[in-house]
Amino acid sequence: MKSVAIYCGSALGHSEYFAQTAREVGQTVARYDLTLVYGGGCSGLMGVMADGALDAGGKVIGVMPRLLVESEIAHPNLTELHIVDSMHERKSKMAELADGFVALPGGSGTFEEIFEQWTWAQLGIHHKPCAFLNVAGYYDALFAMIETSRKNGFTLDRHVDKLICSDNFEEILQRLATYHPPIPKWNQPVEA
């Protein structure tokens, strides 16, 4: 693995622990000599994480729609900034640049981005791992909902089992590096 896309909030959240963790995540990505791919912003957890990686000598690539760049929220010190025309292009470019995907705490944008990548993995559009850094139990309720989906027959066991969740970022990086994708959703044997 050479690069990791990380989705997280453009806000800081109510706990200083979120920002502290985001900074440590950026530093750890740099220490592991990985390229950080993210949404390109300077605000919230996104900016803190990017600063952590940059301050530690890491390579940081941002991908941002032109509309947001023009609103002056692009991080000014990135290694590279890819300016695209839409959010759809942003997600596609980030997927192209990354070898795996991780969600830190965030809101609807973070949820939507990581779930799109997980959906693409289930369909076999890519064979890259998806993970959640469960900071202070932030994703506990989400994983309970995923289990409800599994129990009710809407998500296959093999796709839930391959979704990575941990409160330890270094463990996540190790699991991303050793990931073996499940069989895509529609390539399953027919049950008698």
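Remarks
- 0 to 90° range, to nearest 10: angle between helix 16-31 axis and the chain longest Cα axis: 90 degrees
- Most fluctuating residue given options L104, L142, L173, as computed from a GNM of the chain linking Cα atoms under 10 Å: L142
- Accessible carbon and sulfur surface of the chain relative to its total accessible area, %, 1.4 Å: 52 percent
- Chymotrypsin sites (Phe, Trp or Tyr not before Pro) restricted to DSSP loop in segment 66-162 with at most 11 other C-beta within 10 Å: F154
- Degrees between helix 140-151 axis and first principal axis of the chain (Cα, 0 to 90, nearest 10): 30 degrees
- Mean residue ellipticity (222 nm) of the chain, computed from DSSP H runs ≥ 4 via -39,500 (n - 2.57), nearest 500: -13500 deg cm²/dmol
- In the full protein context, segment 138-192 carries 69 Å² of accessible surface per residue, based on a 1.4 Å probe and ignoring ligands, DNA and RNA.
- Calculated log₁₀ intensity ratio I(q)/I(0) where the Debye formula runs over C-alpha points of the chain, q = 0.09, 0.10, 0.12, 0.13 Å⁻¹: -0.31, -0.39, -0.55, -0.65
- Of the residues T28, T119, ranked by 1.4 Å probe accessible area with the largest first, the sequence reads T119, T28.
- Average accessible surface area per residue within segment 70-133, 1.4 Å rolling probe, Å²: 46 Å²
- Most mobile of Q117, Q20, Q174 in a GNM of the chain (Cα contacts under 10 Å): Q174
The values are calculated or read from the model by the stated rules, or taken from the named source; none is laboratory data. Note that the coordinates shown come from a computational prediction; the quantities given were computed from them, not determined experimentally. As a convention, Cβ positions derive from the backbone with ideal geometry for all residues, glycine included, and neighbour counts pool all protein chains shown. The protein model used for the area step is the full one, side chains on, heavy atoms only, and it has no ligands, DNA or RNA in it. Shrake-Rupley method; radii C 1.70, N 1.55, O 1.52, S 1.80 Å.
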